[in-house]
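The values are calculated or read from the model by the stated rules, or taken from the named source; none is laboratory data. Note that this is a predicted model, so its numbers are computed, not measured. Here the Cβ positions follow ideal geometry from the backbone for every residue, glycine too, while neighbour counts run over all protein chains shown. Just the protein is used for accessible areas: all its heavy atoms, side chains included, with ligands, DNA and RNA removed. Shrake-Rupley method; radii C 1.70, N 1.55, O 1.52, S 1.80 Å.
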Amino acid sequence: MLAHRLAPWLARRGIHYGWVMIAITFMTALSTAAAMGMPGVLIAPLRQEFGWDTTDISGPLALRLLLYGLMGPFAAALIYRYGVVRVVAVAVSIIVTGMALASQMTELWQLWATWGVMLGFATGMTALVLGATVASRWFTARRGLVLGLLTAANATGQLLFLPLAAWLAEHLGWRYALMPAALSCLLALLLMVLFAVDHPATLGLAPYGETKVTPPPRPTQGAVRTSFSTLREASRSRVFWALFITFFICGGSTNGLVQTHFIPLCMDMGMLQVQAAGVLALMGAFDFAGTIFSGWLSDRFDNRWLLFWYYGLRGLSLLYLPYSGFTLVGLTTFAVFYGLDWVATVPPTVRLAAQGFGRERAAVVFGWVFTAHQLGAATAAFGGGLARDTLGSYLPAFLAAGLACAVAAVVILIIPRPQPRPVLVAAE
């Protein structure tokens, strides 16, 4: 294993191997999220080529979001039992296979099978739960910052590839638009197999910020039983339900609605697909900065109040969108404020889960909370398409999402104020 050679070389230079794990996980999250986000540029080409309406296409896309979330708690338990490397390698292989098969589809059921089932299942194994698990295992100090980086990779990957994909779809066809994300996934798979390690103790290391090497925990029960037993215990707490409800709204107001339907909305308003994808990419750029900054803030301030402001400001930006005029200035303003808040909610949510349920159970608890996120996303993905077909406009769905964010801002404050804990100093 190359990690056993690389780790001592880095240690002699004062670099903890946890940073290598973060780089590999960052690349994996970026690539698999790009695969997840591709349908945003495919709705219009699929309608054009096959004659499917928006509701037809939104169905499998909603299923992909639902499975993406439902796999969260089981992904955390599977990683706990079988290790990061095995689980991620299998998942990324399924993603690449699913994209290859999707490029050859000619029937609607094939969209359900490839993008709905295969990519929904596999991307759920490499979603935010993977980042939360790696950050919790490898970092004690600077964990919030690390979570911010990995969360930013996940959200930015869903947006960063879209301008190139939109250009390829417009000039070469939608099948060519899948290639950049597929190639990026193959690179991530190679890095994961060659350099990734399941636990710092495997290399004789303590987590960053600690000095004691702790052996990897041994699972005492199966992945499914671990997931459901953790849910049973966590569901007795109001902390869990506050996080569950607010993350449902988070998913409905981000990748379920904006990621899936923003480009078709802009096209309805007279914009070109490439221009609309560029606005989404701009959101991704500001999201990258905003989420990392959110991770930094979550190490220093009350995470409940951070979430209060994040949901409140996101709601205001969504309520502003219909009045932006869909001009360059109006959409740029929306992209900046909405983008800064795209997934800034994740680092505070993960930290509240860890504070409420402990490090070992935090990843599985967050997996269930993330399921709520994707239930909200699936609801918004299907509901947005339904609103477009029945009401003739996406705008009612965007206004409803803005109002829901205001509700989330209030709900999050039912979580009790966490007790202060001693601050750990990072090892140099």
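Data table
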{"quantity": "The listed residue being within 28 Å of ALA354 (Cβ to Cβ) and crowded, with 24+ Cβ neighbours inside 10 Å, out of GLY14, GLY72, GLY83", "calculated": "GLY72"}
{"quantity": "Restricting the stretch 1-46 to residues that are out of contact with any strand residue (DSSP E or B) (no Cβ under 8 Å at 6 or more places or on another chain) and in a loop (DSSP other than H, G, I, E, B), the residue that is nearest to ARG175 (Cα to Cα)", "calculated": "LEU42"}
{"quantity": "Sole exception among (1) over 27 Å from GLY37 (Cβ atoms); (2) aromatic (Phe, Trp, Tyr); (3) open to solvent by less than 10 Å² (accessible area, probe 1.4 Å) for TYR208, by number", "calculated": "(3)"}
{"quantity": "Any hit, the stretch 279-288, residues being assigned to a helix (DSSP H, G or I), more than 19 Å from VAL146 (Cα to Cα), open to solvent by 50 Å² or more (accessible area, probe 1.4 Å) and not charged (D, E, K, R)", "calculated": "yes"}
{"quantity": "Answer residue from the stretch 344-362, given it is among the hydrophobic types (A, V, I, L, M, F, W, C) and part of a helix (DSSP H, G or I) and is modelled with the highest pLDDT among those", "calculated": "LEU352"}
{"quantity": "Options THR333, THR291; residue that is among the polar types (S, T, N, Q), assigned to a helix (DSSP H, G or I) and within 23 Å of the chain's Cα centre (by Cα)", "calculated": "THR291"}
{"quantity": "Residue, modelled with the highest pLDDT, within the stretch 371-399, restricted to residues that are of a type in the set (Val, Ile, Thr) and open to solvent by 20 Å² or more (accessible area, probe 1.4 Å)", "calculated": "THR379"}
{"quantity": "Residue in the stretch 400-412 that is of a type outside the set (Phe, Trp, Tyr), part of a helix (DSSP H, G or I), in contact with a His (Cβ under 9 Å, 6 or more places away or on another chain) and open to solvent by less than 40 Å² (accessible area, probe 1.4 Å) present", "calculated": "no"}
{"quantity": "Filtered residues of the stretch 1-58 (kept if closer than 22 Å to GLY131 by Cβ and of a type in the set (Phe, Trp, Tyr))", "calculated": "TYR17, TRP19, PHE26"}
{"quantity": "Matching residues, the stretch 306-330, being in a helix (DSSP H, G or I), more than 25 Å from GLY148 (Cβ to Cβ) and open to solvent by less than 70 Å² (accessible area, probe 1.4 Å)", "calculated": "LEU319, LEU321, PRO322, GLY330"}
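Per-residue answers, yes or no, for (1) open to solvent by 10 Å² or more (accessible area, probe 1.4 Å); (2) without any contact (Cβ under 8 Å) to a residue 24 or more places away in the chain; (3) in contact with a Gly (Cβ under 9 Å, 6 or more places away or on another chain):
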position	(1), (2), (3)
MET99	no, no, no
ALA102	no, no, no
GLU107	yes, yes, no
LEU119	no, no, yes
ALA127	no, no, yes
ARG137	yes, no, yes
LEU149	yes, no, yes
LEU164	yes, yes, no
